[in-house]
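S.K.: Just passing along the structure, written as structure tokens.
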Amino acid sequence: MESTRVDRWLWAVRLTKTRPDAAAACRGGHVRINNHPAKPASTVSPGDEVRARVGDTTRVLEVVRVIQKRVGAADAATCFIDRTPAPPPEAANPVARRERGAGRPTKRERRVLDKFRTGQP
């Protein structure tokens with residue numbers, strides 16, 4: 001077996017939960033093979049570079065081995081080399097955040113936020 005469908009491969013290496021999810025990602029333009037947009041039936045073979053947007057990150061994978069059946073996580077990890085760049089470091093300055101639905105800040109909380117924003121001790 002030298003090549004397989006990209007939607008089947010994404011599902012087999014556990015990048016997506018279901019094969020229809022992988023096909024939908026391809027149709028939505030979230031998958032590229034060697035910098036070309038991929039349809040669900042596009043073939044992938046060893047040496048190809050697959051870029052897939054999963055959640056809010058873009059994974060860059062190099063195909064090492066082609067599989068068609070879903071296997072265990074340890075076996076699936078041997079089928080590709082992850083070349084995803086490291087995420088950018090978090091901001092050095094902490095950001096003041098409140099929980100959603102917490103309502104308006106109290107007078108005391110507002111004073112603390114004002115101190116934080118102006119940098120006063």
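The values are calculated or read from the model by the stated rules, or taken from the named source; none is laboratory data. The structure presented is a predicted model; accordingly, all values stated were derived computationally and were not measured. Note that each Cβ is placed from the backbone with ideal geometry, even for glycine, and that neighbours are counted across all protein chains shown. Areas reflect the complete protein model, heavy atoms only, side chains present, ligands, DNA and RNA absent. Shrake-Rupley method; radii C 1.70, N 1.55, O 1.52, S 1.80 Å.
S.K.: Identify, from the list R27, R32, R5, R53, the residue that is charged (D, E, K, R) and out of contact with any strand residue (DSSP E or B) (no Cβ under 9 Å at 6 or more places or on another chain).
M.R.: R27
S.K.: Return only the number of the condition from (1) under 15 Å from D7 (Cβ atoms); (2) open to solvent by less than 70 Å² (accessible area, probe 1.4 Å); (3) free of Cβ contacts under 8 Å to residues at least 40 places away in the same chain that R27 does not satisfy.
M.R.: (2)
S.K.: Sticking with this structure for a sec: Return the residues of the range 31-76 that are open to solvent by 60 Å² or more (accessible area, probe 1.4 Å) and free of Cβ contacts under 8 Å to residues at least 12 places away in the same chain; say none if nothing qualifies.
M.R.: H36, P37, G55, D56, A74, D75 - these are the residues of the range 31-76 that are open to solvent by 60 Å² or more (accessible area, probe 1.4 Å) and free of Cβ contacts under 8 Å to residues at least 12 places away in the same chain.
S.K.: Show the residue pairs meeting these rules: Cβ distance below 7 Å; 6+ apart or different chains; first residue within the range 109-121 and among the acidic types (D, E); second residue modelled with pLDDT of 85 or more.
M.R.: Every condition considered, no pair remains.
S.K.: Without any contact (Cβ under 8 Å) to a residue 24 or more places away in the chain, of a type in the set (A, V, I, L, M, F, W, C) and open to solvent by 60 Å² or more (accessible area, probe 1.4 Å): does that describe A22?
M.R.: Considered against the rule, which asks whether it is without any contact (Cβ under 8 Å) to a residue 24 or more places away in the chain, of a type in the set (A, V, I, L, M, F, W, C) and open to solvent by 60 Å² or more (accessible area, probe 1.4 Å), A22 comes out as no.
S.K.: While we're here: Just give me the residues in the range 1-22 being under 16 Å from the mean Cα position of the chain (by Cα) and over 16 Å from K69 (Cβ atoms), in sequence order.
M.R.: The answer is D21, and nothing else.
S.K.: Out of D82, D56, which single residue is modelled with pLDDT under 90, among the acidic types (D, E) and within 24 Å of D21 (Cα to Cα)?
M.R.: One residue alone meets the criteria, D56.
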